[in-house]
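See structure below.
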């Protein structure tokens with residue numbers, strides 16, 4: 001079956017979209033407590049130290065930045081945002097950030113040469129491939145429900 005030229009472009013665009021979404025990483029969840037009704041991601045605060053007062057742990061979350069995210073700050077913003085969304089889906093009002101790490105990846109160049117003969121004719125070919133895919137940022141956090149969260153804009157207590 002041969003695609004007509006009018007159908008070739010939408011099929012190509014669909015293929016690119018599928019390839020782009022195949023590289024999207026999801027956030028994994030390991031439940032360690034009870035989920036609550038979902039909240040808006042904007043209501044989820046990120047804590048880099050245990051929040052003051054009492055809190056309940058809901059789930060361990062792990063995620064990574066996308067395949068085409070460039071820049072360290074953009075990667076960090078993306079993983080923190082994904083942790084907030086995942087926590088909000090579980091009804092958490094906070095994420096206790098645990099750690100982050102740089103994944104494998106980076107740029108590479110490959111060169112190939114080949115040749116052959118058929119029916120008295122010789123053929124030689126070559127090619128160069130370049131990959132400029134950035135490495136991913138991986139992050140882990142714990143979705144928590146803080147029973148008495150500090151007011152928005154409040155500074156954490158100094159020890």
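Residue 46 meets all of the listed conditions (1) out of contact with any strand residue (DSSP E or B) (no Cβ under 8 Å at 6 or more places or on another chain); (2) in a strand (DSSP E or B) but one, namely (1).
The set of residues from region 27-40 being touching a strand residue (DSSP E or B) at 6+ places or on another chain (Cβ under 8 Å) and in a loop (DSSP other than H, G, I, E, B) comprises 27, 32, 33, 34, 35, 36.
Any idea which of 2, 54 is closer than 15 Å to residue 147 by Cα, loosely packed, with under 10 Cβ neighbours inside 10 Å and at pLDDT below 95? The unique qualifying residue is 54. Scoring residue 145 on the criteria (1) part of a loop (DSSP other than H, G, I, E, B); (2) modelled with pLDDT of 70 or more leaves a single failure, condition (1). Given the criteria surrounded by 10 or more Cβ atoms within 10 Å (Cβ to Cβ) and modelled with pLDDT under 90, does residue 156 qualify? Here the answer is yes, as residue 156 does meet what is asked.
The rows are residues; the columns are (1) on the phi < 0 side of the Ramachandran plot; (2) at pLDDT 90 or above; (3) outside any helix (DSSP H, G or I).
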position	(1), (2), (3)
15	yes, no, no
25	yes, no, yes
42	yes, yes, no
58	yes, yes, yes
68	yes, no, yes
76	yes, yes, no
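The values are calculated or read from the model by the stated rules, or taken from the named source; none is laboratory data. Computed from a predicted model, the values in this text were never measured in an experiment. In this analysis, Cβ positions are derived from the backbone assuming ideal geometry, glycine residues included, and neighbour counts consider all displayed protein chains.
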